[in-house]
Amino acid sequence: MAPAEPNAIPFQALGEVPVFAEELEGWKGYIEWEKYPEKKKQVEELMKKYDFPDPPEFQLVPLPDTNPILTGERFKQYHYACGLQHIVDISWKYVLKEKAADMIHVLQFPYNGEPKRENLLKSEISSNADFFVRNHGGVPEIDADSFFLDITGLVNEPKRLTLADLQNEALFPRQTNVVSLQCSGTRRIEQIHEYPGDGDELINAPWGEGAIGTAKWIGVSLKKVIKYCGGLKDGAGHLELFGADTYFKKGKVYNYAVSVPWRKVKVNEVLLAWEMNGESLPRIHGFPLRAVVFGYIGARSTKWLYEIRAIRDPSSAPVQRKEYLYFTPQVGKQNAMYSNGFSIQDMPVSSAILTPRDMQHIIHDGKITMRGWAYSGGGHWPIRVEVSGDGGSIWYEVPFDKMTTKYYYAWRLWEIDLPVDAEGWLEFCVRTWDNALNTQPTFVRSAWNWDLHVTSSCHRIKIYSVNRSRPATAARLKLMEEKGIPFAPITKPLEIDLESDEQYEAAMEARKGRDPTE
C-alpha cells in the first residue's frame, strides 16, 4: 500500500503560530533549545493550550493494515503548534529519497522504519537503503561546509572543530569498524501480542525483527578528540552527546541528548562517523556527523551531532534519565518510577528467524531451511546459534561454516537445513550463545517489561509442516496438482472427497472397523 501523506489530520492553530528562528546559516531544521531556557518555557506554555490527539491504541486491538502502520499525528501536531511544520515535511522527503521502496514504515513521524526481512539476509553488511531508522525527531539539513562540532564542559581545552578538522588525518587517525546498531525495541511486537505495556506519548513502535543493521563506519575515535582537547578535568565521568533534532517529552521541548561513560570512550568504542558503507552518511542517518557507540543500545548513537559536553554524571536529559529503562515484571502503570528501572546500555545476546515467516506453511522433503541473525552487545559476539523444531526440547547447532564473519561488534547471519519429520503445526525457535556463554531467556514472559524494551527471549515462530517424503502426503499433493487445486490457504476446505468409498471401506476392513467386535 502506498505511503500516506504526512498531514493526515488537519491542524487548527489557536491564534498566530510562533516562529522559532533556525539557529545557524546552513543548518536548516536545527532549533537550539538547550541554551535558551526562556524559549523552552515559551513552548511549554504554548503546548498547554492545545488538546493534542491521544496516542493511538494499537496493542489491545489489531494493528492497522497500512504502510505507514502508525502515522504519528500527535508528534506532527506538536511540531505544527510550534511552527515547525517544515521539519515534518523535510523528514518524509528523506524517507522517500534515501530508504528502500519496500521499507516497512512502522511510524511515519518521527520516522521509524525497518526493512523487509529478506533484504536483511542479502549481505552481512546492510545496505544504507535497507538500514533500519529509529529517529526521535525530524531530519535537520546541515551543510557540511557550515558544520562544526563543539567540545565543551569538563575538558581542559574546549574547542570548536569543523568537519574538515575531524577528517584531517594529520590531526586525527581515521578508524574503520564494522558495527551493528540495534534498537532496544527490536521484536517488540512479540511482547505486545502477549502482554501489552506502556505506549508513551512517542509511541512504543511495534517493531518486528528488522530494527537492527550492520554497517562499515569510518570516522575518528572520540577518545582521540578528547585527547586533542587536552583531556578531561578531574571528576568528568561521562560525555553528553547533543543532536540537532527537536524532541518533545511530556509537553516540553529539547534537543536530543544522551550520554556515554568515559570508560566506554577510553577503549575507543565511541566513533564520530561521517561515512557509512563507503558513502557520506545519509541525511536520515545523521549527516554530516553522528556517534556510533559499539555494543550499546542504538539510542546512544546520536545523529546530527553538534556538541559533546564532558560532565560528571550521566545526562539528565529525558532520553537518558526517563526513557530506555528496564523494569521488573512487577513494575507497571501502577508503580513505575524513573528511579526503579535501570538504564539500558549494553545490548544483550539475541537472535531472530527471518525465514521462514511466522504462520507460513512449508512443503518440504524432510528438511526446512531456516535463516536469521544473531547478535550480542557489550563487546561480546555470537559464538554459537542453535535452532529447535519442537519449541525448545531438541536443539540443532548451526554449522560454523553457515555463519558469517565473526566481528567484535557486529551480528552474524546464519543458515541451517533443519531436519523436520513431523507434520502439522510446529513451533520453531532460535537461541544464541555468545563468547561469555550468555544465552537467551526461554520465553517472552521471562523478558517482559513495562516499557517493552529488549525482547531478548528465544525468537519463536509457528510453521505448518507438510512433509512430502511421507507417501500419503506425496499422493495428496500430486492429486491436488493434477486437479489444479492450490494448497494455500491451509484453512480453505478441499473441494474434493478425501478418499473414495472403495478406499474408505478397504481402510475400515484393515482397521477392523470403528467399534470392538466383542
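The values are calculated or read from the model by the stated rules, or taken from the named source; none is laboratory data. Bear in mind that the values here come from a model prediction, so they are computed numbers and not experimental data. Please note: Cβ atoms are built from the backbone with ideal geometry, for glycine as well, and neighbour counts cover all protein chains shown. Accessible surface is based on the protein model in full, side chains and every heavy atom, while ligands, DNA and RNA are left aside. Shrake-Rupley method; radii C 1.70, N 1.55, O 1.52, S 1.80 Å.
Observations on the model:
- Residues of region 463-502 that are touching a residue at least 40 places away in the same chain (Cβ under 8 Å), over 15 Å from Asp421 (Cβ atoms) and surrounded by 13 or more Cβ atoms within 10 Å (Cβ to Cβ): Leu477, Phe487.
- Scanning region 132-158 for residues being closer than 14 Å to Ile284 by Cα and small (Gly, Ala, Ser) gives a total of 2.
- Contacts under 6 angstrom Cβ, first residue in region 248-272 being of a type in the set (S, T, N, Q), partner in a strand (DSSP E or B), 6 or more apart: Asn255/Phe242; Ser259/His238; Ser259/Glu240; Asn268/Ser221
- Once region 132-148 is narrowed to residues that are of a type in the set (A, V, I, L, M, F, W, C) and out of contact with any helix residue (DSSP H, G or I) (no Cβ under 7 Å at 6 or more places or on another chain), the residue that is surrounded by the fewest Cβ atoms within 10 Å (Cβ to Cβ) is Phe148.
- Residue pairs meeting the criteria (Cβ under 6 Å; at least 6 apart or on separate chains; first touching a residue at least 60 places away in the same chain (Cβ under 8 Å), in region 179-201; second basic (Lys, Arg) and surrounded by 24 or more Cβ atoms within 10 Å (Cβ to Cβ)): Cys183/Arg134
- Residue match in region 15-36 (condition: under 24 Å from Gly213 (Cβ atoms) and surrounded by fewer than 18 Cβ atoms within 10 Å (Cβ to Cβ)): no
- A count restricted to region 104-131 and to residues that are open to solvent by 10 Å² or more (accessible area, probe 1.4 Å), of a type in the set (A, V, I, L, M, F, W, C) and touching an Asp or Glu at 6+ places or on another chain (Cβ under 8 Å) stands at 2.
- Test result for Arg174, closer than 23 Å to Val133 by Cα and at pLDDT 95 or above: no
- Meeting the requirement of 2 or more residues that are touching a Leu at 6+ places or on another chain (Cβ under 7 Å), the strands (runs of 3 or more DSSP E) wholly within region 401-468 are 459-467.
- Filtering region 392-402 to residues that are in contact (Cβ under 8 Å) with a residue 12 or more places away in the chain and open to solvent by 20 Å² or more (accessible area, probe 1.4 Å) leaves Gly392, Trp395, Tyr396, Glu397, Pro399, Lys402.
- No other residue among Lys224, Lys159 is out of contact with any helix residue (DSSP H, G or I) (no Cβ under 9 Å at 6 or more places or on another chain) and closer than 21 Å to Trp274 by Cα apart from Lys224.
To keep it simple, each residue is scored yes or no on (1) open to solvent by 10 Å² or more (accessible area, probe 1.4 Å); (2) touching a Pro at 6+ places or on another chain (Cβ under 9 Å).
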position	(1), (2)
Trp411	no, yes
Ala422	yes, no
Leu437	yes, no
Val454	yes, yes
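Here's the yes/no breakdown for (1) in contact with a Leu (Cβ under 7 Å, 6 or more places away or on another chain); (2) buried (at least 17 other Cβ atoms within 10 Å of the Cβ); (3) hydroxyl-bearing (Ser, Thr, Tyr):
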residue: Val43; (1), (2), (3): no, yes, no
residue: Leu46; (1), (2), (3): no, yes, no
residue: Phe58; (1), (2), (3): yes, yes, no
residue: Thr66; (1), (2), (3): no, no, yes
residue: Lys76; (1), (2), (3): no, yes, no
residue: His79; (1), (2), (3): no, yes, no
residue: Gln85; (1), (2), (3): no, yes, no
residue: Ser91; (1), (2), (3): no, yes, yes
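- Residues that are more than 20 Å from the chain's Cα centre (by Cα), closer than 18 Å to Thr152 by Cα and among the basic types (Lys, Arg), drawn from region 264-313: Lys266, Arg309, Arg312
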